[in-house]
Amino acid sequence: METEGLPPYPPARDAWEFPPPPVQKRWRWVAVSATVLGLVTAIVLVTALVELGRRDAPGVIDDDELVSIIDRECSLMTSTIESMPVTGPPRRQGQTIVDQNRAVSRMVTAIEREAGDRIADDRPARQWLDDWATLVDARNRYVVDGLEDESARFTVPRDPDGDPLPERMDDVFVGEGSCTVPKALLSPYPELQTTEV
């Protein structure tokens, strides 16, 4: 059946096909500029991330070589202290505490000698070593006070925020590498009295 005046079915070309819209030159420049800006931004972000990765984290000892030295020396100090339980009469107890303090001081000296400039380059390292010296000084004062007054009690030193100093000392490490303050250093006479923390 034929109909007069109508095009043949289906039409020879797609009725929904339109020519592409004309692209104005300014839009072409916008597209090019956006692409260049995106590349520059990506380069800046990657550079910033690499630079931040190299920088020292202010509250964490993160130099691998320094952490390795600390781990080794801290293990030696901890095992030495654990082999020296505080027992006997007051004078012998005081001498044991002094010997424990010497083990801590030897650890600090060994770290300073082996680590060298790494300590200054890793911000909390110097403060962490100074905190050990503060703890040793407090324990030495306790020994002297204990010889004069048998009721003397050891008080754990505090940081400027009022928190126990060992908390700050333990918090400078992340992950596996760490040097926690041995409990024997915080409670010299665990069988007789508790520590004021």
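Residues of segment 61-93 falling in the label zone of SER178, defined by backbone nitrogen less than 20 Å from a point 7 Å along Cα to beta-carbon, are 61-82.
Size descriptors for segment 64-185 (Cα atoms only): Rg and Dmax, in that order, 14.9, 45 Å. Fully extending the segment from TRP27 to ASP71 would add 9.7 nm, taking 0.36 nm per residue of separation and subtracting the current Cα-Cα distance.
What you get for segment 64-185, charging only the Cβ of Lys and Arg (+1) and of Asp and Glu (-1), is a dipole of about 580 debye around the Cα centre.
Here the gap between SER105 and ASP163, fully extended at 0.36 nm per residue and compared with their Cα-Cα distance, gives a gain of 18.6 nm. Peptides 137-147, 121-131, 25-35 ranked from most to least packed by the mean count of surrounding Cβ atoms within 10 Å: 121-131, 137-147, 25-35. Compute the relative contact order of segment 92-172 as a whole-number percentage, counting only Cα pairs closer than 8 Å that sit 6 or more residues apart in sequence. Normalised by residue count, the contact order of segment 92-172 is 30 percent.
Set the Förster distance to 30 Å, then compute FRET efficiency between ASP170 and ASP145 from the Cβ-Cβ distance, nearest 0.05. Efficiency, rounded to the nearest 0.05: 0.70.
A short reminder: the numbers here are calculations on the coordinates, not readings from a lab. This one's a predicted model, so the numbers in the text were calculated from it and none came from an experiment. Note: ideal-geometry Cβ built from the backbone for every residue, glycine included; neighbour counts use all protein chains shown.
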